[in-house]
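Each value in this text was obtained by applying a stated rule to the coordinates, not by laboratory testing. Keep in mind it's a predicted model, so treat the numbers as computed, not measured. Methodologically, a virtual Cβ is constructed for each residue, glycine included, from the backbone with ideal geometry; neighbour enumeration extends over all protein chains shown.
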Amino acid sequence: MRLLIVGALQGHISEAAKIAMEHGAKVVQVDSTIAALSMLRGGEGADLVMVDVNLDVKGLIDNLTSERISVPVIACGIGNETEAAVAAVKAGAKEYVPLPPDPEMIAAILEAATEESSAIIYGPGPMQKALALADQIAPSGASVLIVGESGTGKELVARAIHKKSKRSEQKFVSVNCAAIPENLLESELFGHEKGAFTGAIARRIGKFEEASGGTLLLDEISEMDPRLQAKLLRAIQEREIDRVGGSQPVKIDIRLLATTNCDLTEEVRAGRFREDLYFRLNVVTLSLPPLRDRPEDIKLLAKHFGAKYAEVNAQPERPISSEVLAMLASHYWRGNVRELENTMHRAVLLAKGDTITPDAILLSNELGTIGDAETGSAEGSPNMVGRTVADVERDLILNTLQHCLGNRTHAANILGISIRTLRNKLKLYGDQGVPVPGPREAERAVV
């Protein structure tokens, strides 16, 4: 856990840093948002930023967003500085923490920031076997290709491999190749020099340099443009990269992990993925089973997500009825663990009694549309005769987005399309005047 503290916080900096370090965090402090941006651009990454509320929080967050530096920001201030706190949250800060720092609150923030990167819920069965292989290969320096359907936990397994590797004390850096526009991905991976292109206002260290000494995960690598695949191959072979606009190669030292939900051998045959790059990545292949092949894990995961979202939404933790567990066990789970997580989140919001019962469970049918779990059969499916393919596709995409509470990444995974394709479709629908639900609108729609 890497914590960056921005500002002096009127003498409370040492106390906050001490509390964080007692909980295992590595703490760095800078005096200004300009210094913080310079450090993050320079590859000194952070998992969490705590910034003095009296500094330019909005400017910091706007710069982080425009430069695609993904890190949560927490605003801190002395006592109840209400106006500044409200302004910081409106600017995009995750929350406001009053100072002097409360040890329990700091500990909870650090735990929340790291929780999602560590929890893998499983029992005896195929997932246990996959993780046993992950443990076996973790100490090596070999490249690993992690394959599996969307939502099976590929990034979590990659993080687990890093934590049990010889580089565990170094950085783990992840980049989603599907979530970054093609024209920006090269700069994201390899960095750029100031003035290399329009908008390059300062030198930016890329993910390869940021991860040097540690582990780099290329998530959904099958989405990478073939031109960039050639540059990636050179970086792996030569252990050096060229920044965009740079004149000198930069040496790197990384362990490379990659994930895909595609059959890369088919991508190679189709000419969409380089064969030489495939063999470079495929030193070890780790295949993760789909959720439908993990029936014993469904109950464990359902209870875990039920408890998690009860706490998040300040709801009582309700037991799950045996009827619901049977329904969940028999569902196909095209979206795997992510789909189950969304289902349980919705169930927590919809449950009315002391138990989560079938009327709180909304499942997607084979077409991806949302219906009551008891009537979502083929007999209850809407008649599509006479409708255009475009109309059916639009309903499928919008219903899936609503099912995912507006989370576009989850929706794209369930639909089996890239986040780029989903964004283009939603922009088209918006231009046509079709309402597109965001996270808040989608959640209100099911309450």
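When the C-alpha atoms of the chain are aligned to their principal axes, what extent does each axis show, in angstrom, from largest down?
Computed over the Cα atoms, the extents are 63, 59, 49 Å.
Could you list, bin by bin from short to long, the percent of Cα-Cα pairs of the range 49-185 in 5 Å steps?
2, 8, 14, 15, 14, 14, 12, 10, 7, 3, 1
Points 7 angstrom from Cα along the Cβ direction at residue 269 and residue 107: gap in nanometres?
5.6
Among DSSP bridges having both ends in the chain, what percentage is antiparallel? Round to the nearest 5.
15
Just order 146-157, 62-73 by mean Cβ neighbour count inside 10 Å, highest at the front, would you?
Final packing ranking: 146-157, 62-73.
Give me the tail of P(r) for the range 275-318 as a percent: Cα-Cα pairs with distance above 15 Å.
So the portion of pairs separated by more than 15 Å is 64 percent.
Could the peptides 128-137, 186-195 be put in order, highest first, of the mean number of other beta-carbon atoms found within 10 Å of their residues?
Put in order of decreasing packing, that is 186-195, 128-137.
Please give the calculated 222 nm ellipticity per residue for the chain, where each DSSP H segment of at least 4 residues contributes -39500 (n - 2.57) and the sum is spread over every residue; nearest 500 deg cm²/dmol?
Helix contribution divided over all residues of the chain: -13500 deg cm²/dmol.
Taking only Cα atoms of the range 212-285, what ratio of Rg to Rh do you get with Rh as the Kirkwood inverse-distance radius?
0.97
Using only the alpha carbon atoms of the range 2-115, find the Kirkwood hydrodynamic radius as the inverse mean reciprocal pair distance, in angstroms to one decimal.
13.8
Rounding to the nearest 20 debye, state how big the charge dipole of the range 126-287 is about its Cα centre with +1 on each Lys and Arg Cβ and -1 on each Asp and Glu Cβ.
So the dipole magnitude of the range 126-287 works out to roughly 540 debye.
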